[in-house]
Amino acid sequence: MQSSLKLVDCIIEVHDARIPLSGRNPLFQETLGLKPHLLVLNKMDLADLKERQKIIRHLEGEGLKNVIFTNCVKDENVKQIVPMVTELVGSSYRYHRGESLEYCIMVIGVPNVGKSSLINSLRRQHLRKAPFCPAGKATRVGGEPGITRAVMSRIQVCERPLMFLLDTPGVLAPRIESVETGLKLALCGTVLDHLVGEETLADYLLYTLNRHELFGYVQHYGLGEACDDIVSVLKRVAVKLGKTQKVKVLTGTGDVNVIQPNYPAAARDFLRTFRSGLLGPVMLDRDTLQSHPSAGAQGHRPAETDP
């Protein structure tokens with residue numbers, strides 16, 4: 001990424017709108033210098049954005065003045081990006097328009113926030129009528145981190161102005177600022193589930209939903225009432241979905257096959273249901289917003305904690 005910087009006029013940082021205030025890699029700003037910077041908070045359809053203005057004020061307090069909320073699956077608000085990038089680059093004294101008439105933009109962010117989806121969405125928006133440039137997918141996308149593995153060659157996303165984007169692999173911070181931030185990132189799919197533990201993630205998800213009084217899971221799984229015991233919830237989910245498994249139990253008379261709920265399978269379904277939005281929109285950074293109503297001090301970050 002650093003070696004490609006000399007070709008870049010602007011940085012687009014993509015992040016998950018469900019965690020707008022936490023989980024971003026602080027090294028991006030240090031490593032990528034003072035290039036014009038646009039923050040795109042993607043997956044807005046999955047986020048509870050009732051306090052959008054408070055989020056924007058908080059980010060402005062951290063020095064992020066250019067923020068756009070998007071849903072790249074449905075191309076919502078994506079049309080705002082090219083005009084804003086054009087304005088940012090045009091007002092930057094580092095951009096020498098006489099040397100080149102084209103724009104080169106680098107897309108960065110933590111894993112699985114929609115960087116490749118953003119590039120494909122921009123192509124759909126701006127290259128639909130281009131005669132020699134089909135608006136099909138230019139980059140692979142997927143619902144898990146690690147799809148993009150290297151800084152790719154330039155991808156054209158717009159003709160007027162002539163604009164190219166560089167897709168980059170997702171890069172997490174070498175140290176996550178807190179355990180809860182790590183769990184938020186994992187809930188949003190920025191790390192592989194098995195590295196944290198599916199049942200651990202399901203437990204944190206249940207805790208978060210109950211704390212925010214989001215009881216959509218009760219109706220979705222027909223549980224009857226809210227519950228704060230993850231084992232009980234996963235057991236009922238497994239039975240409802242028919243996710244059971246035979247387990248051999250050693251007894252005094254020999255091995256006996258016992259049918260038990262498949263807790264990992266139930267946890268996977270619980271997480272998948274949440275990530276697809278079937279449990280309703282959520283704001284995982286609600287506590288951060290409430291604890292810093294005035295957007296906090298410039299560059300404020302929570303204290304790091306050791307595991």
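General remarks:
- Take the Cα radius of gyration of the stretch 39-120 and divide it by 2.2 N^0.38 Å, N being the number of residues; the result is 1.22.
- Listed residues Tyr263, Tyr221 arranged by accessible area, highest first, probe 1.4 Å: Tyr263, Tyr221
- Cross-link partners for Lys6 among the lysines, with Cα-Cα distance under 16 Å and sequence neighbours closer than 8 places in the same chain left out: Lys35.
- Spatially proximal aspartates and glutamates relative to Lys79 (Cα-Cα < 18 Å; intrachain offsets below 8 disregarded): Glu13, Asp45, Glu87, Glu159
- Only protein atoms count toward the accessible area here, which uses a 1.4 Å probe; on the stretch 148-289, the carbon and sulfur part of that area reaches 52 percent.
- Out-of-range pairs (alpha-carbon distance over 23 Å; input Lys50/Lys240; Lys184/Lys243; Lys43/Lys240; Lys65/Lys115): Lys50/Lys240; Lys184/Lys243; Lys43/Lys240
- Each eigenvalue of the Cα gyration tensor of the stretch 225-278, multiplied by 5 and square-rooted, gives one semi-axis; in descending order these are 28, 12, 8 Å.
- Modelled spin-label separation between Asp255 and Lys50, with each label point placed 7 Å from Cα along the Cα-to-Cβ direction: 5.4 nm.
- Solvent exposure ordering (accessible area, 1.4 Å, most first) of Ile19, Ile176: Ile176, Ile19
- 18 Å tail of the calculated P(r), the stretch 1-76, as % of Cα pairs: 41 percent
The values are calculated or read from the model by the stated rules, or taken from the named source; none is laboratory data. These numbers come from a predicted model, not from an experiment. Cβ coordinates were reconstructed from backbone atoms using ideal geometry, including for glycine residues, and neighbour counts include every protein chain displayed. Please note that ligands, DNA and RNA were not included when accessible areas were found on the heavy atoms of the full protein model with its side chains. Shrake-Rupley method; radii C 1.70, N 1.55, O 1.52, S 1.80 Å.
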